[in-house]
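Participant: Okay, handing you the structure first.
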Amino acid sequence: MYTLYYSPGTASMVVHLALLEIGAPHELRLIDIDTQAQHDPEYRKLNPRGVVPTLVIDGRPLSESAALLMVLADRHPESKLAPPPGTPERETWQQWVVYLSNTLMSTYRFWFYPPELGAAEHTPEVHAALQRKIEGVWDLLDAQLTANGPYLLGKEFSGADLLLGMLMRWSRNMPRPVTEWPALKRLADLVRARPSWQKLYEIEGLSGW
């Protein structure tokens, strides 16, 4: 049994999707970020940074979405969220998971939370720079998928596509959403068609893209 502390549509989404793909028993505990529940002292005992997600495994609280995806893939190899260890495909999978975490997730953090860059709102210059960085990632990934898709590992779906699907969703209100890149839109459609994605929308009460 896993316990996932989550907030709908946030970085907990990929962990929730992975649990649904695996089919492992799990309990969901809502952390309402609109009411700042992530800063509740009891929750901060589990996650000192006061962010979601937190996944409790055998009584141990762990965090960081990309790391949790890796942990679940290792614990449930039958789910095929990741290729087998020691293979070239596994090394490529690790590359993409770390790349998405280091580039998109970190940049989105600044995009959505201007105070982390020291201002209540972004200046036009900072806003444009962050947009360029995110769109530069879309350019690179779209070229990769065009040449070697439809998934990040080619013909085979993996948990890296779930992580990318979550991050693509976060672009929906940006000046240029990810669906304007053809190969990325194709991947988005494939991920959104999966039963795990549809079940998560039902459970978390999400709608639209």
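The values are calculated or read from the model by the stated rules, or taken from the named source; none is laboratory data. These numbers were taken from a predicted model, which means no experiment stands behind them. Quick reminder, even Gly has a Cβ in these numbers, built from the backbone with ideal geometry, and neighbours come from all protein chains shown. These area figures cover heavy atoms from the full protein model, side chains too; ligands, DNA and RNA do not enter into them. Shrake-Rupley method; radii C 1.70, N 1.55, O 1.52, S 1.80 Å.
Participant: For the chain, what does the equivalent ellipsoid look like in terms of its semi-axes, each the square root of 5 times an eigenvalue of the Cα gyration tensor, given largest first in whole Å? Walk me through the numbers on the way to the answer.
Facilitator: Values: eigenvalues 122, 117, 47 Å².
After diagonalising the Cα gyration tensor, the semi-axes are 25, 24, 15 Å.
Participant: Tell me the carbon and sulfur percent of the accessible area for region 90-148, rounded to whole percent, probe radius 1.4 Å.
Facilitator: Values: 1830 of 3270 Å².
Percent of accessible area from carbon and sulfur atoms in region 90-148: 56.
Participant: What accessible area per residue comes out for the chain, rounded to a whole number of Å², with a 1.4 Å probe?
Facilitator: Details: 10240 Å² over 209 residues.
Counting only protein heavy atoms, the per-residue value for the chain is 49 Å².
Participant: Using a 1.4 angstrom probe with every protein chain in place, what is the largest-first accessible-area order of Arg132, Arg194?
Facilitator: Result, largest first: Arg132, Arg194.
Participant: Okay, moving on. Among Tyr108, Pro77, His127, whose Cα lies farthest out toward the positive end of the dipole of region 50-209, if unit charges sit on the beta carbon of Lys, Arg (+1) and Asp, Glu (-1)?
Facilitator: It is Pro77.
Participant: Further question on the same structure: Could you tell me the largest-minus-smallest coordinate of the C-alpha atoms of region 49-171 on each of the three principal axes, in descending order and whole angstroms?
Facilitator: Cα extents, longest axis first: 47, 43, 21 Å.
Participant: What number comes out for the charge environment of Leu4, summing +1 per Lys or Arg and -1 per Asp or Glu over other residues with Cβ under 10 Å away? Mind showing how you got there, number by number?
Facilitator: On the way: positive: Arg29; negative: Glu27.
Within the 10 Å Cβ shell, the charges total 0.
Participant: Mind checking which lysines have their Cα closer than 21 Å to the Cα of Lys133? Skip sequence neighbours fewer than 8 apart in that chain.
Facilitator: Straight-distance partners of Lys133: Lys185.
Participant: Something else now. In the chain, with Lys and Arg counted as +1 and Asp and Glu as -1 at Cβ, which of these residues, Pro53, Met168, Ile33, has the Cα nearest the positive end of the dipole, that is, farthest along it?
Facilitator: So the residue we want is Met168.
Participant: Which three extents, in whole angstrom, do the alpha-carbon atoms of region 1-109 cover along their principal axes, largest first?
Facilitator: 44, 33, 21
Participant: A further question on this structure: Tabulate in residue order the Karplus-calculated ³J(HN,Hα) for region 107-124, using 6.51 cos²θ - 1.76 cosθ + 1.60 with θ = phi - 60°, rounded to whole Hz; enter x for Gly and Pro.
Facilitator: 6, 4, 4, 6, 4, 8, 10, x, x, 5, 9, x, 9, 5, 9, 5, 5, x
Participant: Still on this structure: Two-decimal Rg/Rh of region 30-81 from alpha-carbon positions, Kirkwood Rh? It would help to have the intermediate numbers written out before the result.
Facilitator: Numbers: Rg = 12.7 Å, Rh = 12.0 Å.
Dividing the radius of gyration by the Kirkwood radius yields 1.06.
Participant: Label region 91-158 by shape, choosing from rounded, prolate and oblate, from the square roots a ≥ b ≥ c of the eigenvalues of the Cα gyration tensor; if a/c is under 1.5 it is rounded, and otherwise prolate applies when a/b is larger than b/c, oblate when it is not.
Facilitator: Working: a/c = 4.16, a/b = 2.25, b/c = 1.85.
Prolate.
Participant: Which one of Thr103, Thr92, Thr123 has the biggest mean-square fluctuation once the chain is modelled by GNM with Cα springs under 10 Å?
Facilitator: Judging by the Gaussian network model, the answer is Thr123.
Participant: Something else about it: Tell me which residues come under 5 Å, amide H to amide H, from Gly154 once H is placed; ignore anything under 5 positions away on its chain.
Facilitator: Here the answer is none, since no amide H 5 or more places off falls under 5 Å of that of Gly154.
Participant: Here's another thing I want to ask about it. Is there a quick way to get the dipole size of region 4-112? I mean about its Cα centre, with the Cβ of Lys and Arg at +1 and of Asp and Glu at -1; what is the value in debye to the nearest 20?
Facilitator: Values: 9 positive and 12 negative charges, 44 e Å.
Charge dipole, region 4-112, about its Cα centre: 220 debye, nearest 20.
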